[in-house]
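Any read-out appearing in this document is the output of simple, stated calculations on the displayed coordinates, not a laboratory observation. Values in this document were obtained by computation on a predicted structure and should not be read as measured data. Cβ atoms come from the backbone with ideal geometry, glycine included; neighbour counts cover every protein chain shown.
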2 protein chains.
Amino acid sequence: MRAAMVINYRNMLKNLDKLLQDKNIRPTAMRLLALEYISSQQTAVSLSDLEAAFHRADRITLYRTLKTFEEKGLVHSIMDGTGSVKYALCEEGCECAPEDLHVHFFCNKCRETICLPMLRIPKIPLPDNFKQEEASLVIKGTCGRCN
Amino acid sequence: MRAAMVINYRNMLKNLDKLLQDKNIRPTAMRLLALEYISSQQTAVSLSDLEAAFHRADRITLYRTLKTFEEKGLVHSIMDGTGSVKYALCEEGCECAPEDLHVHFFCNKCRETICLPMLRIPKIPLPDNFKQEEASLVIKGTCGRCN
DNA sequence: AACCGCCTGCAATTGCATTGCATTGTTTAG
DNA sequence: CTAAACAATGCAATGCAATTGCAGGCGGTT
């Protein structure tokens, strides 16, 4: 049992490691931890969340870690209107247009932001000569847990 | 001709005045000017825009003017992801759910934000137990003018 | 005319995002 | 194996937008 867990944990690290490598991100200890945290969360995480999870780590380093993840397409950022940017893992193989193409939900009760990857942003018929490059749809209300 | 313009200007002020009164906002000089400016713009305005238009006015007063307009339902705010909040007139008779129900467009070239009141945000079929209260859809790209 | 409340202006502060720089750690070329 | 080159980290400082406190001023009411 113990052994199995250790092996699983090792495997997980291997996987996270691979995730980073695949995106050309050097797998440092901090980054592995950050990535582990992000992927363990059901909701999008803010810099403050990360900071709270690793209170011994430097805020700036965490900030740059998130920025790096975003640049390399490992996570995407979400502006949910709370004033602090949230980050969530990109889907496998997604070339994430900056501000992704799926819907995000912000719960007014628990104040968490979640990705709804199965819900794509509908195509909107823009006026003549308008060209769409990105889109961001944030729905606010109460989430399944809070209802 | 001159006389007609004067009369039209007077009428306009009367109209703006009425707009304010209807929303229970006391029509001070500053507010009339701010409202005139906002309604003369084709695009949503930020606090900085207002500040630039009235460089003799106090930034804080302009800030509070916008806040008052928003509270009273005269304008709605738009978070377009630029980091500064934009404001635009609400449609006649709209009870503007905070973060309105129409689509907004942000042009990556001219960096202006515009309302597209004729384009309603489509209804999204949320997962079980999720309740929608508001929604914000911002499309980014290049606008008609910039193409 | 006196009172009261809203509006305005100035000062100061918060909060999040961002950059500069020196140090440490890791990779790579010789 | 070592040194140079580069990347990541930690600390300090700054930028920028939003926000609040307070005092004075103005308008409207009694």
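Under 5 Å between amide hydrogens, built in the peptide plane, is the criterion, and for residue B:75 it picks out B:70, B:90 among residues at least 5 positions away or on other chains.
Shown for residue B:28: label points 7 Å from Cα along the beta-carbon vector, and their distances to the equivalent points in the other copies, 5.1 nm in ascending order. Applied to region A:60-75, the Karplus parametrisation 6.51 cos²θ - 1.76 cosθ + 1.60 on θ = phi - 60° returns per-residue 3J(HN,Hα) values of 5, 4, 4, 4, 5, 4, 4, 4, 4, 4, 5, 4, 7, x, 8, 10 Hz, with x for Gly and Pro.
Between residue B:39 and residue B:60, the contour length at 0.36 nm per residue exceeds the Cα-Cα span by 5.5 nm. Result for chain B in a Gaussian network model with C-alpha springs under 10 Å: among B:68, B:28, B:43, the largest mean-square fluctuation is at B:28. By the rule of a C-alpha distance below 21 Å, with chain neighbours fewer than 8 residues away ignored, the lysines paired with residue B:109 are A:131, B:86, B:140. Here the calculated FRET efficiency for residue A:30 and residue B:72, from their Cβ-Cβ distance with R0 = 45 Å, stands at 0.40, rounded to the nearest 0.05.
Please give the residues of region B:49-73, grouped as numeric ranges, whose backbone N is less than 18 Å from a label point set 7 Å along the Cα-to-Cβ vector of residue B:110. Answer for region B:49-73: B:49-50, B:53.
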